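The values are calculated or read from the model by the stated rules, or taken from the named source; none is laboratory data. Note that this is a predicted model, so its numbers are computed, not measured. For neighbour counting, all protein chains shown are included, and Cβ atoms are generated from backbone atoms with ideal geometry for every residue, glycine included. Side chains included, ligands, DNA and RNA excluded: accessible areas come from the protein's heavy atoms. Shrake-Rupley method; radii C 1.70, N 1.55, O 1.52, S 1.80 Å.
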Amino acid sequence: MPADPYQVLGVERTASEAEVKKAFRRLARELHPDVNDHDPDAEEKFKAAAEAYEILSDPERRRTYDAFGHEGLRTGGWSPGAGGFGNVEDMLSSLFGRGDSIFGDLFGFGRGGRPAAGGDVAAEVEISLAEVVSGAHRQVSFEAVSTCEHCRGNGAEPGTPIRTCATCGGAGRVQQTRRTAFGQLVQTSACPTCQGAGKVPEQPCERCGGGGRELRERTWDVDIPPGIESGQRIRISGGGHAGEPGGPIGDLYVLVRVAEDERFERQGRDLLTVVSVPATRAMLGGSLAVPTLDGEREVEIPAGAQPGQSIRLAGLGLPSLRGRGRGDQYVLVEVTVPGKLTRAQRDLIERLDAELAESDKGRFRRRRRG
Ligand SMILES: [Zn+2]
Ligand SMILES: [Zn+2]
């Protein structure tokens, strides 16, 4: 008669998924045959707990058990241990995660026996819109974990001997064959004495304490390609923190900000510049000096230019990261109406108004949409 999984794990029938997980985790730690050698039944109990967990951690399986008991599970084709228990390491790591320190340390697979990689570093630079056209070059400085300059990373005070690690014989890894509830299991993990280095300094480096690493100011030359968008990041492989001895270096991520420019609005590869001209100038047309990223350009406003009309300056926009050529700059005409008039100006406008009134009495209509 198989045991009631709720009883085995010691949880209520109403226990949540988290409670079930917590209960199994506690039992697994207590009963795992690798750590429990004082209870002769530990292996059997561990097996029972694992089976109970296998039932209660799966919502569908748990519902079947609640309604029909073990008989229901067997009818449904389920048998304990048939599914995911082929590899006990996979099962435990999927349950608890490889990063779980207690389980990692306990069962020795937390780091897979490899020295840890260095972390990533983030830096930020600001460039101008003109530099989006030309591309830019910046030096970024930051503090990063680096190889210790005093011992060159080997962790020993210079001039003192480094001995081969006695625990692992220089391999940096230890292999253990363990008898578990699921048969023999060969585990490889980083050597606890030398942390995977294979060597142990007789006299640890005074500067880094034997770790082989120290925090140092680092400067990196960063090339910013033309066409970059504000907020994009450039990844520099190997520009980050140093890892554990033998582990890979992290990356440097440079966040690029493009400074706002009052004169230009960026629309992808195109630029938009609003130019305000008085109503009379819009009527008469004329040339106007307009700022571009390539210097001022004389732009011809056609006679009778309408509010919202735009004039295209081909090729004066921005490049794109991929592809050739540049976008365009658009000059958007905004027509302004002078507010206060002098007597002389008013006389002139009244004469113009009288002339225009002959041909245009004003028309009424709904506002156009879109
Ligand atoms: Zn050092
Ligand atoms: Zn060792």
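Looking only at region 151-172, decide whether some residue is near ligand 2 (Cβ under 8 Å from one of its atoms), within 30 Å of Pro40 (Cβ to Cβ) and open to solvent by 30 Å² or more (accessible area, probe 1.4 Å). No, region 151-172 contains no residue that is near ligand 2 (Cβ under 8 Å from one of its atoms), within 30 Å of Pro40 (Cβ to Cβ) and open to solvent by 30 Å² or more (accessible area, probe 1.4 Å). Would it be correct to say that Leu255 is in a strand (DSSP E or B), under 30 Å from the mean Cα position of the chain (by Cα), under 30 Å from Ile162 (Cα atoms) and in contact (Cβ under 8 Å) with a residue 12 or more places away in the chain? It is false that Leu255 is in a strand (DSSP E or B), under 30 Å from the mean Cα position of the chain (by Cα), under 30 Å from Ile162 (Cα atoms) and in contact (Cβ under 8 Å) with a residue 12 or more places away in the chain. Here is the figure for region 181-212: residues that are hydrophobic (A, V, I, L, M, F, W, C) and without any contact (Cβ under 8 Å) to a residue 40 or more places away in the chain total 4.
Residues that are over 21 Å from Gln184 (Cβ atoms) and crowded, with 16+ Cβ neighbours inside 10 Å within region 16-47 comprise Val20, Lys21, Ala23, Phe24, Arg25, Leu27, listed in sequence order.
Conditions tested, residue by residue: (1) open to solvent by 30 Å² or more (accessible area, probe 1.4 Å); (2) at pLDDT 95 or above.
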{"position": "Leu288", "(1), (2)": "yes, no"}
{"position": "Leu293", "(1), (2)": "yes, yes"}
{"position": "Ala305", "(1), (2)": "no, no"}
{"position": "Leu318", "(1), (2)": "no, yes"}
{"position": "Arg322", "(1), (2)": "yes, no"}
{"position": "Asp328", "(1), (2)": "no, yes"}
{"position": "Val331", "(1), (2)": "no, yes"}
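Filtering Arg62, Arg13 for residues that are open to solvent by 60 Å² or more (accessible area, probe 1.4 Å), charged (D, E, K, R) and either on the phi < 0 side of the Ramachandran plot or assigned to a loop (DSSP other than H, G, I, E, B) (or both) leaves a single hit, Arg13.
Per the conditions (1) at pLDDT 95 or above; (2) open to solvent by 80 Å² or more (accessible area, probe 1.4 Å); (3) within 38 Å of the chain's Cα centre (by Cα), the sole criterion not satisfied by Arg312 is (3). Here region 162-175 is the region considered, the condition is being over 39 Å from the mean Cα position of the chain (by Cα) and without any contact (Cβ under 8 Å) to a residue 40 or more places away in the chain, and the residue that is nearest to ligand 1 (Cβ to nearest atom) is Arg163.
Out of the residues in region 292-320 meeting the condition of being assigned to a strand (DSSP E or B) and of a type in the set (Ser, Thr, Tyr), tell me which one is nearest to Ala282 (Cα to Cα). Applying the filter and picking the extreme gives Ser310. All conditions but one from (1) under 24 Å from the mean Cα position of the chain (by Cα); (2) within 16 Å of ligand 2 (Cβ to nearest atom) apply to Phe142; the one that does not is (2). The set of residues in region 221-246 being open to solvent by 70 Å² or more (accessible area, probe 1.4 Å) and more than 16 Å from ligand 2 (Cβ to nearest atom) consists of Asp221, Asp223, Glu229, Arg233, Arg235, Ser237.
Residues in region 266-275 that are open to solvent by 70 Å² or more (accessible area, probe 1.4 Å) and in a strand (DSSP E or B): Gln267, Val274.
Can we say Arg178 is within 30 Å of Glu30 (Cα to Cα), touching a residue at least 60 places away in the same chain (Cβ under 8 Å) and open to solvent by 50 Å² or more (accessible area, probe 1.4 Å)? Judged against the criteria, Arg178 is not a match. What about Glu202, is it farther than 28 Å from Ala28 by Cα and modelled with pLDDT of 90 or more? The answer is no for Glu202.
When the residues of region 184-219 are narrowed to those that are open to solvent by 70 Å² or more (accessible area, probe 1.4 Å) and under 19 Å from Asp251 (Cα atoms), which ends up nearest to ligand 1 (Cβ to nearest atom)? Ranking the candidates gives Arg213 first.
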